[in-house]
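Let me begin by presenting the structure, written as structure tokens, before commenting on it.
The values are calculated or read from the model by the stated rules, or taken from the named source; none is laboratory data. These figures come from a predicted structure and were not determined experimentally. Every residue, glycine among them, receives a Cβ derived from its backbone with ideal geometry; neighbour counts consider all protein chains shown.
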Amino acid sequence: MPSALVLIADGTEEMEFTITYDTLVRGGVSVTSAFVPDITSETAAVSPPAAKCSRGVRILPDTYLDLTHCGPDKYDLLVIPGGAKGAETMSSHPSVQELVRKYIESNKLVGMICAVTIGGTGSLAAKTSKLPKQPLTSHPSVKDQLDKDFEYVEEPVVISKNLVTSRGPGTAFPFALTLVELLCGEERRAEIRAPMVFPANTPF
């Protein structure tokens, strides 16, 4: 069974986390959520707290982020959702930067969605992880910050080898379905999409 690690922090965008998590589970992926603490916090990593997301929804993660148990030897996919504060926390966390590089180097999938202002995941996590110049997308608000370092594409979902990027809450479903397809195949994507009952002519 394919497996995925979905990161979460205080300030994570609820829709980007829950839609991705839920859709992956529907696809038959074993999903684990890991809490990324603010590096300025002195909270002991004993039991993960409930993450307070960007709109106030609280979600209880499965575990704390731990390089020993969260690497590409354990999971097939690493997902980094957006949300201004959460994305800032994740993109500035050394362990997240290291994980992104390790997953990419191990040819495992990395999914990044959104980019809200300067703290957006699509920009800073890719930049701080020192990924090479390649096609990607993000929230439109940070397009200008990405043009010099990456090949910016204004599409809902962009696949560049094993890096998958997307734009925001409104593109969370095509983002998640794309991840299911890459992990489980095109037929599985179609199987789980139908019962979701998207409006007719939905373009994904």
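Quick notes on this one:
- Test result for T89, modelled with pLDDT of 90 or more and surrounded by 13 or more Cβ atoms within 10 Å (Cβ to Cβ): no
- The sole residue among K102, K127, K133, K108 that is among the charged types (D, E, K, R), surrounded by fewer than 17 Cβ atoms within 10 Å (Cβ to Cβ) and modelled with pLDDT of 75 or more is K133.
- P2 being at pLDDT 95 or above and either surrounded by fewer than 19 Cβ atoms within 10 Å (Cβ to Cβ) or more than 17 Å from I113 (Cα to Cα) (or both): yes
- Flag set for K148, criterion: over 21 Å from E181 (Cβ atoms), of a type in the set (K, R) and at pLDDT below 90.
- Residue identified as β-branched (V, I, T), surrounded by 23 or more Cβ atoms within 10 Å (Cβ to Cβ) and under 14 Å from the mean Cα position of the chain (by Cα) among V31, V36: V36
- The residue that is nearest to G11 (Cα to Cα), counting only those in the range 51-74 that are among the charged types (D, E, K, R) and assigned to a loop (DSSP other than H, G, I, E, B), is R55.
- Contacts under 7 angstrom Cβ, first residue in the range 187-198 being surrounded by 12 or more Cβ atoms within 10 Å (Cβ to Cβ), partner not in a helix (DSSP H, G or I), 6 or more apart: R188/G27; R188/G28; I192/G27
- Scanning the range 5-19 for residues being of a type outside the set (A, V, I, L, M, F, W, C) and closer than 10 Å to I80 by Cα gives a total of 2.
- Qualifying residue in the range 139-147 (condition: within 14 Å of C114 (Cβ to Cβ), among the aliphatic types (A, V, I, L, M) and touching a residue at least 24 places away in the same chain (Cβ under 8 Å)): yes
- Selection from the range 14-50 of residues that are assigned to a loop (DSSP other than H, G, I, E, B) and at pLDDT 95 or above: G27, G28, V29
- Of the residues examined, K143 is not one that is closer than 23 Å to H93 by Cβ, in a helix (DSSP H, G or I) and modelled with pLDDT under 90.
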